1. For the stretch C:40-62, does any single residue satisfy the condition of being buried (at least 23 other Cβ atoms within 10 Å of the Cβ) and assigned to a loop (DSSP other than H, G, I, E, B)?
2. Scan the helices (runs of 4 or more DSSP H) fully inside the stretch B:172-287 and keep the ones with 2 or more residues being in contact (Cβ under 8 Å) with a residue 12 or more places away in the chain and away from every other protein chain (no Cβ under 13 Å).
3. For B:E78, only one of the following conditions fails: (1) at pLDDT below 95; (2) farther than 25 Å from A:A26 by Cβ. What is its number?
4. Checking A:L354 against (1) assigned to a helix (DSSP H, G or I); (2) of a type in the set (A, V, I, L, M); (3) in contact with a helix residue (DSSP H, G or I) (Cβ under 8 Å, 6 or more places away or on another chain), which test does it fail?
5. Quick one: what pairs do we get from the stretch B:298-316, first residue within 19 Å of A:F17 (Cβ to Cβ) and within 11 Å of chain C (Cβ to nearest Cβ), second outside any loop (DSSP other than H, G, I, E, B) and of a type in the set (F, W, Y), C-beta under 7 Å, 6+ apart or different chains?
6. Looking at A:V231, A:V269 in this structure, which one is β-branched (V, I, T) and crowded, with 24+ Cβ neighbours inside 10 Å?
7. Of the residues C:G155, C:G205, C:G199, C:G176, which single one is small (G, A, S), surrounded by fewer than 24 Cβ atoms within 10 Å (Cβ to Cβ) and either in contact with a strand residue (DSSP E or B) (Cβ under 9 Å, 6 or more places away or on another chain) or outside the structural domain of C:L227 (by TED's automatic domain parsing) (or both)?
Protein chains: 4
Amino acid sequence: MQRKLRMGMVGGGPGSFIGAVHRIAANMDGKVELVCGAFSSSLDKSKETAKQLFLSEDRVYANYEELISKEAALPEDERMDFLSIVTPNFLHFAPAKLALENGFHVVLDKPMTITLEEAKELDSLAKQNNLVFCLTHTYTGYPMVKEARDLVSKGVLGNIYKVYVEYPQGWLSTFGADNEELESPSSWHTDPAKSGLAGSMGDIGTHAFNMAEYVSGLEVTAVCAALNKVVPGRRLDDDGAVLLQFGNGATGVLMASQVATGEENNIKVRVYGEKGGLEWQQDIANTLLLKWRDKPAQIYRTGGAYVGSFAKHNTRVPAGHPEGYLEAFANHYRNFASTVLASINGETPSAEELDFPGTKAGVRGMAFVESVVSSGDSEQKWTPFAV
Amino acid sequence: MQRKLRMGMVGGGPGSFIGAVHRIAANMDGKVELVCGAFSSSLDKSKETAKQLFLSEDRVYANYEELISKEAALPEDERMDFLSIVTPNFLHFAPAKLALENGFHVVLDKPMTITLEEAKELDSLAKQNNLVFCLTHTYTGYPMVKEARDLVSKGVLGNIYKVYVEYPQGWLSTFGADNEELESPSSWHTDPAKSGLAGSMGDIGTHAFNMAEYVSGLEVTAVCAALNKVVPGRRLDDDGAVLLQFGNGATGVLMASQVATGEENNIKVRVYGEKGGLEWQQDIANTLLLKWRDKPAQIYRTGGAYVGSFAKHNTRVPAGHPEGYLEAFANHYRNFASTVLASINGETPSAEELDFPGTKAGVRGMAFVESVVSSGDSEQKWTPFAV
Amino acid sequence: MQRKLRMGMVGGGPGSFIGAVHRIAANMDGKVELVCGAFSSSLDKSKETAKQLFLSEDRVYANYEELISKEAALPEDERMDFLSIVTPNFLHFAPAKLALENGFHVVLDKPMTITLEEAKELDSLAKQNNLVFCLTHTYTGYPMVKEARDLVSKGVLGNIYKVYVEYPQGWLSTFGADNEELESPSSWHTDPAKSGLAGSMGDIGTHAFNMAEYVSGLEVTAVCAALNKVVPGRRLDDDGAVLLQFGNGATGVLMASQVATGEENNIKVRVYGEKGGLEWQQDIANTLLLKWRDKPAQIYRTGGAYVGSFAKHNTRVPAGHPEGYLEAFANHYRNFASTVLASINGETPSAEELDFPGTKAGVRGMAFVESVVSSGDSEQKWTPFAV
Amino acid sequence: MQRKLRMGMVGGGPGSFIGAVHRIAANMDGKVELVCGAFSSSLDKSKETAKQLFLSEDRVYANYEELISKEAALPEDERMDFLSIVTPNFLHFAPAKLALENGFHVVLDKPMTITLEEAKELDSLAKQNNLVFCLTHTYTGYPMVKEARDLVSKGVLGNIYKVYVEYPQGWLSTFGADNEELESPSSWHTDPAKSGLAGSMGDIGTHAFNMAEYVSGLEVTAVCAALNKVVPGRRLDDDGAVLLQFGNGATGVLMASQVATGEENNIKVRVYGEKGGLEWQQDIANTLLLKWRDKPAQIYRTGGAYVGSFAKHNTRVPAGHPEGYLEAFANHYRNFASTVLASINGETPSAEELDFPGTKAGVRGMAFVESVVSSGDSEQKWTPFAV
């Protein structure tokens, strides 16, 4: 098959930040084209978005049900190949389920669902129907994060001792005057009905958790969480810290806050093993620090001649031309698209292509949310990580 | 008009780094689609590239002459709107000239041409034919570079005293064994017949020069250059430093080297005035440092609430999500496309949309090349900057 | 009075790192001279050290008891003014007690003692005898740490939400071959008989705890600790993390590890409040970052014209001349010495001079050690901070 | 001999920054004691300084002539061993000459003298009288600068191609109101009668020049200088840039400015060779970056287990405890003192002890001043470096 993959989109109407990001990520490598959408609960707004995207009006739908049923009814060489779902959390499960049931591959924004049970259902559905599923944990799309995982998995740090991961943001550090928080476009983040059990832990804690497990190659087995509603009036946690136990005996600390005033988005991970340590942070995304006992630390760089196949595969330009957030996002799309294409063509994707977050990451993310909320309410120190 | 702009491309065949970059930059915002190309001097290779890009074969041409004449003959609602030229330097002038003569807008990689005279000819042609021209001096596409220029132009630094600009690279620090340099795909960079009068000064010196004039808002009036062929066997300068005089009495230093072993691509600019100084470097592209007498330095950031309209217009994601080289490149494409669209629709682009490097930057860049080569050969300290 | 203060020293013989540091810190400002010592349990080694320090042999003593009794017997204008105690932890209490009982002011290395009870006894003794006591929590001696505390206390960050403090080291990341750990000069750090209840928590956790309370101006009220003996064979915790509750409702996280392979000594503190946040780390000791909602972050610098009286008082050279660990250490000595001198002369020291860690910091540090060890053994999440 | 060396001082009275720095540097390691001084042209002020330093009044002298003659007349076991001269430039030569003529070793602040001829005379005198001479080019006292030189001299970078050195300051970026500049305590810096031929080039350009030659191990053979008096009313250059040629065919750029508004004191050196490059800057003084072709860059650190004997010898505390400007300064004093002591004791100092700037550095520094001033006035591009 020699053609672009056809993408549909649910959500991403006027004012949506993450919808625009998904579209840029999909566009970047010229391997995907947007063909249809239900961008908003208002059909007018949806059409407005479609017009800006040069989409033909007959592929704009009133809602995800219509989109899926009508696309499913189109001829195979016309209908969308996969659906990108970029709605608020409470609108993840239903469209994803319907898409999978109708044979469409799915890209879904994180966290996967509102409950662990729902996440497991999507996992089962995707497996049963042999469909490709990508959960956009953006940060593991960075070349130097992939290099970090690669190096750890090859044992260069030796047996892992410790994992620190943090995700400080400041954008929720005030409530805003005149109920601003309850009425802003991003108000769903702090609304239990739309965001789920957790606020900061679902929004950014899941990213940090995914980063910790991805880079270390370890799985969390128990958590001790302290969650806080710092800003008066806030209805969900806006801050939290979690002590972690991993399966190999290693331990860790996860910190996520949306009231770290003045912080932007500098997710950071550090992993220490018997032989060495590593450090990566989004703000200097193209650098991976390797630290050693009794040897100089080393600066690994995106595009470096010495990096492994995973980092190389996810790099577009030579060393010294910074690749950023959108490229990391596009890496997930590109790898997902390659895997879908391989699936369509009956081919086997490479390990590098298959390296994007899927249903397992999503299920574990929801287990994280449920575990830390449960731990936050508990007087016991340790709560088992139940998945 | 509500449609994507149609782009043709000359150059950018198999193995071309800069061709791929132009395509990603053009794709990113979904406002441009590639419709035709003459990607290589080999038609077979050109078709191979076209296939990977899902281009129909009837829009692949044997050479730029055929491309331009056949596209010009297509119906208006089908033919390309503009031509991107991503060939080595010696193949810039002819296709650009022909495209302009046939009414096509042009995106051209830098440096503009081989001689100042050619650059002036393109400048005249574009003006006569009322066509939009973009010269891809990538680095001035970064939001924080635009913010720097904006702040200087508003006088926040006061009267400008000093400009330092540097562009250290290390990729030419050896010649390679077995005439590797003469036979590699990038060999044209060091070949006088293909690169022009200058090596490093044309390749990266022009970027540095453009950065210095763009950010400071000043124009160079005299240069004192020391150019070197450091690596034995090298046929063009691979290193150089230039003392600068500016029109307002300020002075500067420009350093460009391709034998700074271990350096990647960290172009950096510093401007100092009576009231304060600023510093930007590509390696921390989303940060602009403002330095003051007797007040704490400030860290301006891409996406910051306080940045001006030029930076805002060229930013895609909220603060803390790093934007990189490809986004900077895409900013030029997006602004160029908006300007072309406005031209087609008879509208007036905004100042922010018009802020991309055009023929004037190209002409001054070629004057820079000729001035520094002349100065390099002179025993006099100062050589007037002749344009 | 116009003379140097006379210092005695217990500990700090051949091979002692911290003894040398204390002497440099005492020397630096020319206000203190070393006059006597019991540097080692071996009198020969003690004399060897004395010789290198140009001390007369008749002021070298066999042990701290002899030192204190003989110095006390000297004429007032000859005997030492204060005693610096730089021995391993288990040898802190007895000489400090005896010195205080004999009217000598005391400088003591941290942690204060082996038990909280001992610490309280020293606290009482110093108060009863009206003696000056300095506990060398070095890191709060840095000018930019003092500036941080100053700014927080003035309310520039608003109500405090969150405190993160971390102290990662890697020097204990292996046990060493052939029982190296048990027999090295620094073996006492990991020996329960000599170090006390805690390993890493006493060694560096107390520094981190002191930093958190000092900068935030808050007091910890409850802890949730996970302490680990990571390296096989280790007899005390070599790693730990502690969730913190503060009196004002703020929360925090303290991380201290001596198995963070490749890390040196980069203690770091971050404090976030309603209006802004701040960040300081030893590795860039002369910089204090101030972060704001909707305004550019600011870089406060040692020696900056805008810093407060506490930072100014503790700075020796103009901005841009880095001050380091030894200067921070010397700041404690200088402030201690000024306070002793004021005491001798019946004068009142300034607030800036009085700003060095004393018995209260020591008592709270020992309460920290006992609280986190107790919490580490508990299955309950929260353990009250008992002092 | 087992005693502290006895130091005299000329200059360093009330308000003197550099005098205080010299005294701290001399104090730090407990190997030197200040015994006498002529701190000011006013005897009263001199006595005031002496009192603060706990010096006995009979060792305070009216001027350097009296100091030298009376000290020379004292018994050998009482009189000063060496003289530190910390006066403005125009008062360097005479006291240094007289001290050398009377058999005293000398520490002298930079630049050495007002003229090259004077510098040569001091050089001859010191050699004839077999006296130790230290010129306090502080920045080469940093451990990581010594490591840089060590690595270059061992050939790890291969044949050297390029040297960049810069020293940006901002403290002279305005003239000040009401003739402030002419009447401030530091006014001598910009006064031709007191500072010499050059302003910024003597003040900081000589430091940069010394750094370039020290680290690269190369000698400058020709210069092309552009010197500027940027601020209206300024009587000497406050800014300049110099293109450099070195004996081995390498080239370089030296930039020094005192009108780089907002800059503190961040002297920085970069050296590139065929195999790799290195970078050091004062603001991150304990880090030396090593950059390589096709291998990760390395971070060398003060106190690292892997550093060479020169860096080790000049380090006081373990890695991760920042050493700063005062320690760098103290390294020169300590090495000078060791060399004087060896001279007194008839011993041979180690290569590490001998590694401090002496008369050769001073002579070359004055040749630099004369060469760049001459070049600045010339219309020829290149001026030979005449020494």
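1. Yes, because at least one residue in the stretch C:40-62 is buried (at least 23 other Cβ atoms within 10 Å of the Cβ) and assigned to a loop (DSSP other than H, G, I, E, B).
2. On the way: elements: B:180-183, B:192-195, B:206-216.
Qualifying helices (runs of 4 or more DSSP H): B:192-195, B:206-216.
3. (1)
4. Going through (1) assigned to a helix (DSSP H, G or I); (2) of a type in the set (A, V, I, L, M); (3) in contact with a helix residue (DSSP H, G or I) (Cβ under 8 Å, 6 or more places away or on another chain) one by one, A:L354 breaks only (1).
5. B:V307/B:Y300
6. On the way: A:V231 fails: crowded, with 24+ Cβ neighbours inside 10 Å.
Sole residue among the options that is β-branched (V, I, T) and crowded, with 24+ Cβ neighbours inside 10 Å: A:V269.
7. One residue alone meets the criteria, C:G155.
For every residue, the table says whether it meets (1) surrounded by fewer than 17 Cβ atoms within 10 Å (Cβ to Cβ); (2) in contact (Cβ under 8 Å) with a residue 60 or more places away in the chain; (3) assigned by TED's automatic domain parsing to the domain that holds B:E219.
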{"position": "B:E323", "(1), (2), (3)": "no, yes, no"}
{"position": "B:I344", "(1), (2), (3)": "yes, yes, no"}
{"position": "B:E347", "(1), (2), (3)": "yes, no, no"}
{"position": "B:S371", "(1), (2), (3)": "no, yes, yes"}
{"position": "B:S375", "(1), (2), (3)": "no, yes, yes"}
{"position": "B:E379", "(1), (2), (3)": "yes, no, yes"}
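The values are calculated or read from the model by the stated rules, or taken from the named source; none is laboratory data. Note that this is a predicted model, so its numbers are computed, not measured. In this analysis, Cβ positions are derived from the backbone assuming ideal geometry, glycine residues included, and neighbour counts consider all displayed protein chains.
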